[in-house]
Amino acid sequence: MKLIICFLIMFSICNITYGQDYGVYFETKDSNTFAFGDNPITSSTTTTLSVSGGTSTSYTGPPAAFPQGSTFHNSYLPIPNNISAGGSGTVTIESWYANDGGGTGGGDCDFGDEFTTPISNFLLNSFELEGCQVVTDAYLIHIQEPSAGQSTVCLDEELTLSVGRYWQYKLNAGPWTNFPNAYNNTDEPSFIISDLTGSNETGIIKFRTGYDGQYANTVTYTIAPETPSIQSLVRNNTSCEYNSDGSFTLNFNTNLSGEQIEFNLKKGSINGPLLTETANITGNTYSWPDTLAPDIYYLTYQAFPNGCAKTYNGITIGSPPPLEYFIEATDISCFNENNGEITITINPNNNDKTGTPPYNYVLGNGDTGSFSGTSTTVSGLSAGSTTIQVFDSKNCTERQ
């Protein structure tokens, strides 16, 4: 049996610039459906692929021991014209399959297949041609360029490339290296940069895709310097709810040697007021230099000037329970008596403003006292006016 396969690819495009940034990758396999005399492919097959106005290639296959249902040949052809998803026009691929019979069951096959699709659709999909027991998948090969401002990546950031088939990378002045099998042979590989390269090296990394030494366009990314991760954080709450003496200390996952880190701290929400600090850090700790009021803070930081930004959200600076109290005076019973009283009630509105017991009070004449319950009475007071102030065990009083 002899099977001949021919392909013709035609492009009808309005906006064309020249250059071989695009190509078509073909996978041809036995469809395992014996449509012509139940005659499996067991002998040589001649296949011809061509791109209109460009190049062509021929190959012979499959081998005699070819397992049915598997790919027996891969081919790549560059497209001589650079097309784009925003361009108008169509793509047409035509194929011709022919089998001259032979073998048990005999039978000839002569079959053509084609598709026509808008350029934008061809860029996003693969297409299948079939006939005479053979199926060919056609894939457009072209790596999408990163969007403006998106060409910088971090070592621990996931990156997705599209569209291609077999991939290589080049890190700085190193050689072009095949992707590991886990990321290869797919049209959209996703990977962590450091996992792909097996190193923490930064600088320039390039990617290309194609087959058998022929490649479409190359895209370039910058691997930003690594910003240390926060391993843990120590918070110090404010001394009282109305004070702004809270703080926090960051513990990094590595020792620094004077690296400059820029910190942006937002209060209350990710859109809140911005506080900015820049510090040269030696060691693995950094304490925020300004005191803070009770609130939730959102931290973004990066190695200066162009390191990868990292976040540490939800830094809560708390405070002790607030204190609220009520004073009620009882007059003396008669002139010149010393039986006046002042009753102190903690949390009079039952709204959990109990402060932190126990409590103490200070009268205007300097007398003091302490108590641990929710109320107390100061007795033996003479006629006249006085002041009284109540404090809890953290020396916090009612917010004025």
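Miscellaneous remarks
- Under 9 Å, Cβ to Cβ, from Ala303 - net charge with Lys/Arg +1 and Asp/Glu -1: -3
- 3J(HN,Hα) along the stretch 138-152, derived from phi through the Karplus expression 6.51 cos²θ - 1.76 cosθ + 1.60 where θ = phi - 60°, amounts to 10, 10, 6, 10, 5, 7, 5, 6, x, 5, 4, x, 10, 8, 9 Hz, with x in place of Gly and Pro.
- Cα centroid separation, the stretch 298-372 to the stretch 154-226: 59 Å.
- Distance in nm between pseudo-label sites at Ser372 and Asp156 (7 Å out along the Cβ direction from Cα): 4.8 nm
- Over all other residues within a Cβ to Cβ distance under 14 Å of Ile193, the charged ones net out to -4, with Lys and Arg as +1 and Asp and Glu as -1.
- Seen through its C-alpha gyration tensor, with square-root eigenvalues sorted a ≥ b ≥ c, the stretch 138-202 comes out oblate because a/c lies at 1.5 or above while a/b is not bigger than b/c.
- Computed FRET value (nearest 0.05) for Thr177 with Thr300, which takes r as the C-beta separation and R₀ as 45 Å: 0.85
- From phi via Karplus (6.51, -1.76, 1.60), per-residue ³J(HN,Hα) for the stretch 251-256 in Hz, x at Gly/Pro: 10, 7, 7, 8, 7, 9
- Sparse-neighbour loop sites [chymotrypsin sites (Phe, Trp or Tyr not before Pro); the stretch 326-369; at most 13 other C-beta within 10 Å; DSSP]: Phe335
- If you plug the beta carbon distance of Leu233 and Ile332 into 1/(1 + (r/R0)^6) with R0 = 51 Å, you get a FRET efficiency near 0.35.
- For Ile143, neighbours were defined as the other residues whose beta-carbon sits under 12 Å from its Cβ, and their charges (Lys and Arg +1, Asp and Glu -1) total -1.
- Sparse-neighbour loop sites [chymotrypsin sites (Phe, Trp or Tyr not before Pro); the stretch 126-221; at most 13 other C-beta within 10 Å; DSSP]: Trp176
- Glu145-Asn264 FRET efficiency (beta carbon distance; Förster radius 30 Å; 0.05 resolution): 0.55
Laboratory data are not the source of any read-out in this text; all were calculated from the coordinates shown. Being a predicted model, the structure only gives us computed values, none of them experimental. So basically every Cβ, Gly included, is an ideal-geometry build from the backbone, and we count neighbours across all protein chains shown.
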